[in-house]
Amino acid sequence: MVRSLVPKIDGRVVNIPIDQIRPYKGQPREHFDEGKLAGLAHSIQVFGGVVIPIHVRRVSDGKVKYELIAGERRLRAAKAAGQAIISAIVADTCDETEQYTASFLENVGREGYAPMEEANGFRKLMKMHGLNIADTARLCGRDAGWGSRMLSLLKLESEVQAMLNPSLPEEEQLTVSLAVALSSRPARDQVRLARRIVKHRMGTREAQIMLRGFDREKGLDKDRVGRPHDDFRKIKSLAERTSRDALYCRGLDLMATLQPRLVAERTELLRDVRGAIAELCGLRDRMEKTVKDLAG
């Protein structure tokens, strides 16, 4: 178990001169959208300060009296808004592990958080707390699958990792789901495949078809060939599970399900659903043709 997830605070909000606060050097997030920071700065000007206090710890470094724990965006925006003081909550005690944990958890899953920064932060959190993937992911409010996907990104070639940078134009970016799929391919092929996906602006379904073709060409799917009996059972199982799960999803309150999620998460889920439906429709069309040919 983690002995302390976040620093203990006394709960009192105090106003601190901004020039007495230094940024956290170990901040796991380096990329901040300047446009969104400008919007936050405008909001701070309108309200006359930050709505949610930042978290700091005491230090002794000349004029500097505090170091940031959580609230990097708010601190930057407050400076940009010309604020001289900022509302803050001071931690009673805070070591490096607690400080990093609080800083990382503040950003994890937030829209605009660079995937590679998130992946590197997740790995560092694992090492700091000595936890496995599932337990570390649970600390982040996610499941083990998400944690595994984060670590998969670290297996990518550097050029492919660079394509995940959110500061790139959208048409030059690679989605996280496709990057994870590429991570299981040989290193020498990752860059070539990623370039092809970005160059042709492939959607998830189109890219997955291309990757399956690559696997067949390279003989990476040998264990899936020549087992018609097993394949028949797999198709039958797919049909039964899909019917059962679709019936369940039909009764969901999608507004309640999607509203708490980030825009990027909703968009990615919609793409995944469309891709799954397209795959099923493709399988249906092939089966109808094959059944007709066998009957004829």
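The values are calculated or read from the model by the stated rules, or taken from the named source; none is laboratory data. Values in this document were obtained by computation on a predicted structure and should not be read as measured data. Here the Cβ is made from the backbone with ideal geometry for all residues, glycine too, and neighbour counts use every protein chain on show.
Scanning the range 91-109 for any residue that is free of Cβ contacts under 8 Å to residues at least 12 places away in the same chain and small (Gly, Ala, Ser) turns up nothing.
For the range 158-176, does any single residue satisfy the condition of being modelled with pLDDT under 90 and in contact with a Ser or Thr (Cβ under 8 Å, 6 or more places away or on another chain)? No, the range 158-176 has no match at all.
Among the residues of the range 152-171, those that are among the hydrophobic types (A, V, I, L, M, F, W, C) and within 13 Å of residue 190 (Cα to Cα) comprise 153, 154, 156, 160, 162, 163.
Collect the residues in the range 32-63 that are surrounded by 11 or more Cβ atoms within 10 Å (Cβ to Cβ), assigned to a loop (DSSP other than H, G, I, E, B) and at pLDDT below 85, keeping them in residue-number order. Once the filter is applied, which keeps residues that are surrounded by 11 or more Cβ atoms within 10 Å (Cβ to Cβ), assigned to a loop (DSSP other than H, G, I, E, B) and at pLDDT below 85, the range 32-63 yields 32, 33. Going by what's in this entry, would residue 164 be described as assigned to a loop (DSSP other than H, G, I, E, B), under 25 Å from residue 34 (Cβ atoms), hydrophobic (A, V, I, L, M, F, W, C) and more than 15 Å from the chain's Cα centre (by Cα)? Spelling it out, it is not the case that residue 164 is assigned to a loop (DSSP other than H, G, I, E, B), under 25 Å from residue 34 (Cβ atoms), hydrophobic (A, V, I, L, M, F, W, C) and more than 15 Å from the chain's Cα centre (by Cα). Note on the range 192-296: enclosed helices (runs of 4 or more DSSP H) holding 3 or more residues that are modelled with pLDDT under 90 and of a type in the set (Lys, Arg) are 204-218, 228-250, 263-295. For the residues 137, 80, 70, the requirement of being of a type in the set (A, V, I, L, M) and outside the structural domain of residue 32 (by TED's automatic domain parsing) singles out 137. When 183, 167 are checked against the criterion of being over 17 Å from residue 30 (Cα atoms), among the polar types (S, T, N, Q) and not assigned by TED's automatic domain parsing to the domain that holds residue 265, a single residue qualifies: 183.
Within the range 69-82, the presence of at least one residue that is part of a strand (DSSP E or B), closer than 23 Å to residue 118 by Cα and within 31 Å of the chain's Cα centre (by Cα) is confirmed.
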